[in-house]
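Structure first, then comments.
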Amino acid sequence: MKPALKIVSPGPHTTVQGKPRIGYRDIGVPASGPLDRVSLHLANALVGNTPDAPALEFLLQGPVCEVVAPAVRLALLGCAAHIEVRSHRPRAIPAGRSVRLLQGDVFRIGSLIDSACAYLAVEGGFDIAPVLASPSTYVRAGLGGLHGRRLEKGDIVPIARATVEACDERELVPPPDPRHDARIRVVLGPQTDHFTDEGVRTLLSAVYTVSPQADRMGFRLDGPAIQHAHDYNIVSDGVVSGSIQVPGTGRPIVLMVDNQTTGGYPKIATVISADLPLVGRRRPGRSLRFTAVSVREAEQARRAQEAEIKTQIDRLRRFPCENRG
């Protein structure tokens, strides 16, 4: 059998995510990819992969898996949970640290505790054929991933590397700050003129909470209504990940990575690319506040974030492999 992870229990929403699907929005296909690209990048770094190698993304709770390969190297990132190894030599490996497991090992990743999403990377990446130049799963259209859907009990997710050698493991020191209380930076527009001045002030001063109606397509927010200046319907136009639409209820919706490609609600602002992962980490019930920045400040924030990711990778701590069997 090809080396793989067998899904013993999939958790509520586990999919394969990696490189976004770029260049197909004109035919109605969103980018997909990870909700939290920073955590995916760092998880892949821990096992020596390229930044957007396909990994498992899970929402709210992780899966139970069995190793179907002579040896694999894994790393969990994006949450405060552990890789709980139940067989061979029971132990718990914290997020932010790589580990080598052997044939037949069964491991569990439970509740993510503090985060809405997290990532399990495997050395070499998962062997998933790209669809429209990406391995990422877009469930609504049945594209990419494993059979275009979330993972199910009994699924065999193939791994690109047959086995891995016992060598030094890697650890992020200190663990990344999830910044669960950080304000989310936005660039106002493109349809700010569809809202009253008071409506814009509400967006930038109110405390919102992530609604239970939050998924990879969009995060609905509960909180004060934002006042429209005119009708809340517009001629449908293009939207992007991070667009904040405001429908007739006045409650904002932050569009995420599986967002539709056009929409007919006015967009009061757009979450900057550096902060969209922060939104992706917020569990239902967590608070969220916005602050406005300029386009130039948004570009500077993204450059600073990329530099910080590089610094974290350069500072990875190495330690001897525990499992040399």
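The values are calculated or read from the model by the stated rules, or taken from the named source; none is laboratory data. Here the structure is a predicted model, which is why all the values come from computation and not from measurement. All Cβ positions, even for glycine, are placed from backbone atoms using ideal geometry, and neighbour counts span all protein chains on display.
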Odd one out for PRO12 among (1) at pLDDT 95 or above; (2) part of a loop (DSSP other than H, G, I, E, B); (3) in contact with a Pro (Cβ under 6 Å, 6 or more places away or on another chain): (3)
Taking the stretch 198-227 and keeping only residues that are polar (S, T, N, Q) and in a helix (DSSP H, G or I), one is left with THR202, SER205
Which members of the stretch 287-325 meet the condition of being under 30 Å from VAL85 (Cβ atoms) and of a type in the set (Val, Ile, Thr)? ILE309, ILE313
Could you check how many residues of the stretch 31-52 are closer than 23 Å to GLU152 by Cβ and out of contact with any Pro (no Cβ under 9 Å at 6 or more places or on another chain)? 1
Filtering the stretch 167-188 down to residues that are surrounded by fewer than 16 Cβ atoms within 10 Å (Cβ to Cβ) and out of contact with any strand residue (DSSP E or B) (no Cβ under 6 Å at 6 or more places or on another chain) yields CYS167, PRO174, PRO175, ASP177, ARG179, HIS180, ASP181, ALA182
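Here's the yes/no breakdown for (1) touching a helix residue (DSSP H, G or I) at 6+ places or on another chain (Cβ under 9 Å); (2) within 29 Å of LYS19 (Cα to Cα); (3) surrounded by 14 or more Cβ atoms within 10 Å (Cβ to Cβ):
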{"position": "TYR232", "(1), (2), (3)": "yes, no, yes"}
{"position": "THR249", "(1), (2), (3)": "no, no, no"}
{"position": "VAL271", "(1), (2), (3)": "yes, yes, yes"}
{"position": "ARG281", "(1), (2), (3)": "yes, yes, yes"}
{"position": "ARG286", "(1), (2), (3)": "no, yes, yes"}
{"position": "ILE309", "(1), (2), (3)": "yes, yes, yes"}
{"position": "GLN312", "(1), (2), (3)": "yes, yes, yes"}
Residue hits (the stretch 49-95; surrounded by fewer than 18 Cβ atoms within 10 Å (Cβ to Cβ) and assigned to a loop (DSSP other than H, G, I, E, B)) are THR50, PRO51, LEU60, PRO70, ALA80, ARG86, SER87, HIS88, ARG89, PRO90
Output the number of the condition that GLY142 fails; it satisfies all remaining conditions of (1) surrounded by 16 or more Cβ atoms within 10 Å (Cβ to Cβ); (2) of a type in the set (Gly, Ala, Ser); (3) under 20 Å from the mean Cα position of the chain (by Cα). (1)
Can you tell me which condition LEU120 does not meet? The list is (1) touching a residue at least 40 places away in the same chain (Cβ under 8 Å); (2) surrounded by fewer than 20 Cβ atoms within 10 Å (Cβ to Cβ), and all the others hold. (2)
